[in-house]
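What follows is calculated from the coordinates using simple rules that are stated; it is not laboratory data. Not measured: the values here are computed from a predicted model.
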Amino acid sequence: MELLHVPEAARELGVSYPTLKQWIYKRKIKTVTTPGGHHRVPRSEIDRLLFQRGERGQGGKATSAAQPAPAAPISGTGAGLEHVISGRNQLVGRIVKLQTVGLLTKVVLDVGGQSVTSIITSDASRDLDLKVGETAAALIKATEVMIIRPLQRRP
């Protein structure tokens, strides 16, 4: 998990250092506290806020100063799409790989250090104007979820 110092995170979000500190104190952004009591902002939080504000967030360039989108509820209701799409299983990340072959494009997102891969049409990739380094969300749609465990050996 990539952790950013607060001034660097503020630059990427396009807000002032004091503003970001207030967001931290008001719990509008999640941070990790070091043993020395300093805050570090996970890259996933930067991506989540940029995605909620509708910004592309490429390469750490701040686009504009704006109010934060409200922090997503802990229940994981998503990354700001809840008002335009019914799916709630959304994982926000950064595009790390795009590979187009013929009619299909393989998109790999880094979501908190884990890779999520999707195959979409090349037309969809062009329409979305996907680029490596930008934020995007994966919407997970499944009709069933199965839980498995390894068998425990009996003595």
From the phi angles alone, apply the Karplus equation (6.51, -1.76, 1.60; θ = phi - 60°) to the range 121-138 and give each ³J(HN,Hα) in whole Hz, x where the residue is Gly or Pro.
6, 5, 4, 5, 4, 5, 4, 7, 6, 5, 9, 4, x, 8, 7, 7, 10, 9
Evaluate the Kirkwood expression for the hydrodynamic radius of the range 90-139, namely the inverse of the mean inverse distance over all pairs of different C-alpha atoms, and round to one decimal in Å.
10.6 Å
Go through Lys21/Lys97; Lys28/Lys106; Lys28/Lys131; Lys30/Lys131; Lys30/Lys141 and tell me which ones have a Cα-Cα distance over 31 Å in this structure.
Lys21/Lys97; Lys28/Lys106
Over the alpha-carbon set of the range 3-52, divide Rg by the Kirkwood Rh and report the Rg/Rh ratio to two decimals.
0.92
